[in-house]
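The values are calculated or read from the model by the stated rules, or taken from the named source; none is laboratory data. If you're wondering where the values come from, they're calculated on a predicted model, not measured in any experiment. As a convention, Cβ positions derive from the backbone with ideal geometry for all residues, glycine included, and neighbour counts pool all protein chains shown. Side chains are part of the model used for accessible areas, which takes the heavy atoms of the whole protein and leaves out ligands, DNA and RNA. Shrake-Rupley method; radii C 1.70, N 1.55, O 1.52, S 1.80 Å.
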Amino acid sequence: MKKNRERFCNREREFVYKFKVGSQCFELRVPLKFPVQENASHLHGRLMLLHNLPCFIEKELKEALSQFIEEESLRDHDREAEAALEAVKSGEVDLHQLASTWAKAYAETTLEHARPEEPSWDEDFADVYHDLIHSPASETLLNLEHNYFVSISELIGERDVELKKLRERQGIEMEKVMQELGKSLTDQDVNTLAAQHFESQQDLENKWSNELKQSTAIQKQEYQEWVIKLHQDLKNPNNSSLSEEIKVQPSQFRESAEANGRVYEEQRKLEESFTIHLGAQLKTMHNLRLLRADMLDFCKHKRSHRSGGKLHRLQTALSLYSTSLCGLVLLVDNRINSYSGIKRDSGSRNGGSDDKTKTADRNYLNILPGEFYITRHSNLSEIHVAFHLCVDDNVKSGNITARDPAIMGLRNILKVCCTHDITTVSIPLLLVHDMSEEMTIPWCLRRAELVFKCVKGFMMEMASWDGGISRTVQFLVPQSISEEMFYQLSNMLPQIFRVSSTLTLTSKH
C-alpha cells in the first residue's frame with residue numbers, strides 16, 4: 001500500500017486558466033506538484049503578484065484554482081483507495097494484519113476504548129501514608145523516621161570531624177610553607193600547595209556527599225516498601241507481625257550536647273500572637289505571630305525524641321498530604337547550586353551536602369533578586385515547603401521601597417501559598433536572618449513598618465486569589481535582637497493590622 005501511495009504522490013499536473021483582456025485572449029499555465037502543500041489562497045496571491053494579473057479576474061482565478069486542486073486531490077485519493085483494495089484482493093496485503101492495525105489505531109485514539117490511566121506511585125504512597133499516620137500505627141512510623149534521622153545525623157557528624165581534621169592538618173602544612181617563603185620556597189610553591197589542599201577538600205566533600213545520597217536513597221526505598229507492607233498488614237486482622245513495632249534505642253535519647261560533652265543554652269524564645277480580620281466586604285480571620293527565633297528551628301529536629309519534638313513531628317506528618325501545608329521563606333544568594341550563608345547551615349544540620357559551585361560555567365543557573373525557587377520536604381520539623389528567596393546586599397540599606405524586588409518576591413510567594421494550599425507561612429520580618437551594625441533601632445522600625453504594611457496589602461489581595469481562606473502568618477526576627485526592640489515591634493503590629501478587640505456596650509436608662 002505504501003508503494004501505491006508513493007505512485008500517486010509527487011506527480012506534476014498543469015493548471016490552465018484562460019481569460020480575456022479587451023479583444024485579446026490570454027492563457028495562464030502553472031505546473032503544480034501533488035499533493036499541494038501550499039494553501040490555495042496563498043498560491044493565488046503569489047500568481048496575481050508574480051504575473052501582474054488584472055484585478056477583475058482575481059475572484060474567478062481563485063475559484064478555478066481551488067476547484068482544480070480539490071478535483072485532482074480527490075482523483076488521487078480514489079486511485080490510492082482502488083490500488084489498496086486491489087492489493088488486499090491479490091493477497092499482497094494480509095487482511096488480518098490490516099484489521100488488527102485498524103483496531104489498534106481505533107482503540108488508541110477513541111476515549112471510550114482507551115485504557116484508564118494508571119495511578120502514579122506518588123499518589124498511591126500519599127494515600128497509604130495518610131491512612132497510616134492517622135491510625136494507631138503513627139507512632140511506629142515516627143519511630144522509624146527518627147531512627148533514620150539519627151543515622152544520617154551520625155554520618156554528618158563523622159563527615160564534619162573528618163573535614164575539621166583535614167583543615168587543621170592543612171593549616172599546619174600551610175603555616176610551615178609560609179615560614180619558608182622567600183627562603184627555600186617561592187610563591188609558586190605556596191600556590192601549588194593551596195591548590196592541592198583545595199582538591200583534597202573537594203575530594204573528601206564529594207566522598208561524603210555521595211555516601212549521604214546513597215544512604216538517604218536506601219532509607220527512602222526501605223521506608224516506602226515498609227509503609228506499603230504495614231498498610232497491607234493492617235488490612236489483614238489475622239496478621240500477627242504488627243506486634244513487632246520499631247522502638248527507639250535508649251542510646252538515641254541522648255541530647256547532641258551531651259554526646260559532644262558540652263551544654264548549650266538557648267536564648268529565650270519570645271512570641272506574641274494576634275487575631276485580625278481583613279477584607280472589604282466579606283472579612284476573613286487570620287492569625288499573626290511575632291517570634292524571636294532562628295528560621296532554621298522550623299527545619300531541624302533535635303536528636304532527642306522526647307515528647308516536645310515528637311509532637312512537632314507528628315503534627316507535621318499529619319498535615320503532610322493535606323490542604324493545610326506549612327512553609328517558610330529563606331533568604332539566599334543568587335547561586336542555586338551552592339551552599340553558603342543560611343543554605344550552608346541548613347545543609348550541615350539536615351543532611352544536605354556542602355558541595356560548592358564556583359565555576360563560571362554554572363552562571364546560567366543564577367537567579368535575580370526577587371526570584372525564588374521552591375523545595376518540598378516530608379521530614380523537616382515544622383514545614384513542608386521552603387521558598388528560597390533571592391536577595392542581594394540592597395536589603396541591608398535603609399531606603400528600600402514597596403517596589404523592591406525582595407518585597408515583590410514576598411507578594412509572589414504569598415500568591416503561590418494561595419494556589420497550593422499553604423495556610424501557614426513564616427517570613428523574616430526585617431528581610432535579614434542576622435543583625436549587623438548598620439541595623440539600628442530606627443532602621444529596624446522603618447523596615448518592620450514597610451514589611452508589615454506590604455504584607456497586609458498582599459493578604460487583602462489574597463481574598464481575590466483564593467476566595468478568603470483563614471491563614472497563619474509568622475513574622476520572625478533574629479535571635480540577636482533585644483527584648484526591648486522585640487516589644488517595640490510587637491506594639492507596632494496591632495496598630496498597622498488593626499487587631500480585633502472586644503467592645504463592651506452599655507446603655508443608660
*Can you give the accessible area of LEU74 in Å² (nearest 10), computed on protein heavy atoms with a 1.4 Å probe?*
90
*Classify region 383-509: rounded, prolate or oblate, from the alpha-carbon gyration tensor (a ≥ b ≥ c, eigenvalue square roots; a/c under 1.5 rounded; otherwise prolate if a/b is larger than b/c)?*
oblate
*Residues in region 149-171 that a label on SER200 would reach, taking backbone N under 19 Å of a point 7 Å out along Cα→Cβ*: 159-171
_If you consider only alpha-carbon coordinates, what radius of gyration and Dmax does region 128-210 have, in Å?_
22.6, 74
*Simple spin-label model, 7 Å along Cα-to-Cβ: MET460 to GLN24 in nm?*
7.7
*region 422-456 to region 153-200: how many Å between their Cα centroids?*
40
*Counting Lys and Arg as +1 and Asp and Glu as -1, what is the net charge of the other residues whose Cβ lies under 15 Å from the Cβ of GLU38?*
+1
_Solvent exposure of region 53-196 as accessible area per residue, Å², 1.4 Å probe_ = 70
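Multiply the residue gap between ALA126 and LYS213 by 0.36 nm, knock off their C-alpha separation, and tell me the result in nm, one decimal place. If you can, show how the numbers build up before the last one.
Working: separation 87, 0.36 × 87 = 31.32 nm, distance 2.26 nm.
Contour length minus the Cα-Cα distance gives 29.1 nm.
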*Roughly what would the spin-label model give for ARG46 and VAL16, points 7 Å off Cα along C-beta, in nm?*
2.3
*Considering only protein heavy atoms, what is the solvent-accessible area of LYS20 at a probe of 1.4 Å, reported in Å² to the nearest 10?*
130
*At R0 = 51 Å, FRET efficiency that the Cβ-Cβ distance of HIS134 and ILE172 yields, to 0.05*: 0.35
*Roughly what would the spin-label model give for VAL88 and SER482, points 7 Å off Cα along C-beta, in nm?*
9.3
*Just the number, please: carbon plus sulfur as a percent of the accessible area of region 382-431, 1.4 Å probe, no ligands or DNA/RNA counted.*
48
*Cα centroids of region 12-29 and region 382-411: how far apart, whole angstrom?*
72
*So how much slack lies between ILE228 and ARG403, counting 0.36 nm per residue of separation and subtracting their Cα-Cα distance, in nm?*
58.1 nm
_Using DSSP to call loops (not H, G, I, E or B), can you name the GluC sites (Glu not before Pro) in region 117-186 whose Cβ has at most 12 other Cβ atoms within 10 angstrom?_
GLU117, GLU180
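What FRET efficiency do you get for LYS164 and ASN334 if R0 is 25 Å and r is their Cβ-Cβ distance, rounded to the nearest 0.05?
Numbers: r = 29 Å, r/R0 = 1.16.
The pair LYS164/ASN334 has a calculated efficiency of 0.30.
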